[in-house]
Amino acid sequence: MWFRQLLAPLLGESNPYHTAWVAVVFAAWYCGLWPSILTAVLSVLGIWYWFLAPAHSFALRDPRSEIFGMVGFLLFSGLIIALGESNRRSLTRREWAEGKLREAHDELERKVQERTAELNLANDSLRELSGRLQQLRDDERRQIARELHDSVGQLLAALGMNFDAITMDSPNLDPAAIRTISDSRAMVEQISSEIRTISYLLHPPLLDVAGLASALHWYVDGFSERSKIKVDLQIPETLGRLSDEMEIAIFRMVQECLTNIHRHSGSESATIRLIQDNRRMVVVEVRDAGKGISPEKSLAMRTAGRAGVGFRGMRERLRQLGGTLRIDSNPTGTTVIASLPVQESAVKDVDAQMA
Ligand SMILES: Nc1ncnc2c1ncn2[C@@H]1O[C@H](COP(=O)(O)OP(=O)(O)O)[C@@H](O)[C@H]1O
Ligand SMILES: [Mg+2]
């Protein structure tokens, strides 16, 4: 009201409602329903008392038009207040909805994090389990190999000696019996040799005794002979002993790759290269000149993850040792490359052996 009196020389006395509109709009916009109604009512009373002639009294000089003015002001104020109120309510509703949305989003985020943690845990324990299973399988193979070699092998050797004794001690046996005994003797020899091969393939004793290089040479020679695939094995002379796990992992990888070359590649030759870089990394590369892994197979291996138990086992074994596996394949051949960090303990072993 005081501000309106200040503006009187500028706006004139005829329409005193200018500043009251501003006050009502301000109150409707920012202050809420009841403060704006109060502002409108107080404005009317103030204008009535101070501005409408005669000033400083509630008497009216021209009651008809002045009351019209006041009622008009109140009506429009009501409209503005209603608009302001509905606007504020829709704002509040939006804020509420946004708040709910944010809450739902946060909840979802928390659930995703929980699930991810659970999945990671499950993955880790699966990896640990598969590593443990590999190790158990290796141990079991070693045990079966030893049993076959030591018990069945020894029994067969004794059986062979018995046959020899029968032939020597019974010179009067008829020729048919001698032939049967010598056939049986030959069969025992054959079984012995088969059992020795099976036992060595299950777990090459050379791997424990003479190390990776000797075991690989032995395996590759046998493989070449059986499959008629020419294999070029390149191992540096300086390669010392690696840890047991590394030696068996590399041996099994070469074994699986050569089996794959025989079964899938159609190649007549293969190259195996073992490189030791600075005694910190060992790289094993197995290459063939075959037809390569078909696009469908390689897609299945990359996506569904169902195909390729051999490669998956290899990859898992290497992963346990901190290594990686790479497969490069095209229609002119396939190269499988494994890289393994040399473990501290293994280097120490080598140092100990060299000292
Ligand atoms: N050297 C290779 N040349 C051509 N194809 C290969 C070769 N090695 C593997 N493959 C293809 O990759 C697939 C996956 O191999 P692998 O994981 O060893 O499983 P599996 O030998 O049991 O089929 C094979 O089925 C074969 O189609
Ligand atoms: Mg295979």
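The values are calculated or read from the model by the stated rules, or taken from the named source; none is laboratory data. Nothing here was measured: the structure is a model prediction, and the numbers come from that model. No Cβ is skipped: glycine too gets one built from the backbone with ideal geometry, and neighbour counts run over all protein chains shown.
Odds and ends about this structure:
- All of (1) surrounded by 12 or more Cβ atoms within 10 Å (Cβ to Cβ); (2) closer than 27 Å to residue 225 by Cβ hold for residue 190 with one exception: (1).
- Residue count, segment 289-316 (criterion: assigned to a loop (DSSP other than H, G, I, E, B) and either within 10 Å of ligand 1 (Cβ to nearest atom) or over 19 Å from residue 133 (Cβ atoms) (or both)): 10
- Applying a threshold of 6 Å to beta carbon distances and a minimum spacing of six or more residues, or different chains, the list of pairs starting in segment 249-264 at a residue that is in the same structural domain as residue 329 (by TED's automatic domain parsing) and ending at one that is within 10 Å of ligand 2 (Cβ to nearest atom) reads 253/314; 256/310; 256/314.
- Residues considered: 43, 57, 36, 65. Of these, the only one that is more than 60 Å from the chain's Cα centre (by Cα), assigned by TED's automatic domain parsing to the domain that holds residue 15 and under 19 Å from residue 91 (Cβ atoms) is 36.
- Failed condition for residue 193, given (1) farther than 20 Å from residue 149 by Cβ; (2) in a helix (DSSP H, G or I): (1)
- Members of segment 178-214 that are free of Cβ contacts under 8 Å to residues at least 24 places away in the same chain, touching a helix residue (DSSP H, G or I) at 6+ places or on another chain (Cβ under 9 Å) and under 19 Å from residue 160 (Cα atoms): 178, 181, 182, 184
- Residue ranges of helices (runs of 4 or more DSSP H) in segment 200-288 with at least 2 members at negative phi, at pLDDT 90 or above and within 15 Å of ligand 1 (Cβ to nearest atom): 212-227, 244-260
- Unmet requirement for residue 319, which otherwise passes all of (1) more than 9 Å from ligand 1 (Cβ to nearest atom); (2) part of a helix (DSSP H, G or I); (3) farther than 21 Å from residue 134 by Cα: (3)
- Flag if residue 162 is out of contact with any His (no Cβ under 7 Å at 6 or more places or on another chain), surrounded by fewer than 18 Cβ atoms within 10 Å (Cβ to Cβ) and not in a helix (DSSP H, G or I): no
- Given (1) within 11 Å of ligand 1 (Cβ to nearest atom); (2) not in a loop (DSSP other than H, G, I, E, B), number of the condition residue 339 does not satisfy: (1)
- Meets criteria (outside the structural domain of residue 16 (by TED's automatic domain parsing), of a type in the set (Ser, Thr, Tyr) and either in a helix (DSSP H, G or I) or surrounded by 15 or more Cβ atoms within 10 Å (Cβ to Cβ) (or both)) for residue 125: yes
- Pairs are defined by a Cβ separation below 6 Å, a sequence spacing of at least 6 or placement on different chains, a first member in segment 317-339 that is free of Cβ contacts under 8 Å to residues at least 12 places away in the same chain, and a second member that is within 11 Å of ligand 1 (Cβ to nearest atom); the pairs so defined are 328/335.
- Matching residues in segment 269-315 - criterion: being within 16 Å of ligand 2 (Cβ to nearest atom) and either of a type in the set (Asp, Glu) or exposed (fewer than 14 other Cβ atoms within 10 Å of the Cβ) (or both): 288, 294, 305, 306, 309
- So residue 95, is it within 26 Å of residue 30 (Cβ to Cβ), loosely packed, with under 11 Cβ neighbours inside 10 Å and without any contact (Cβ under 8 Å) to a residue 12 or more places away in the chain: yes
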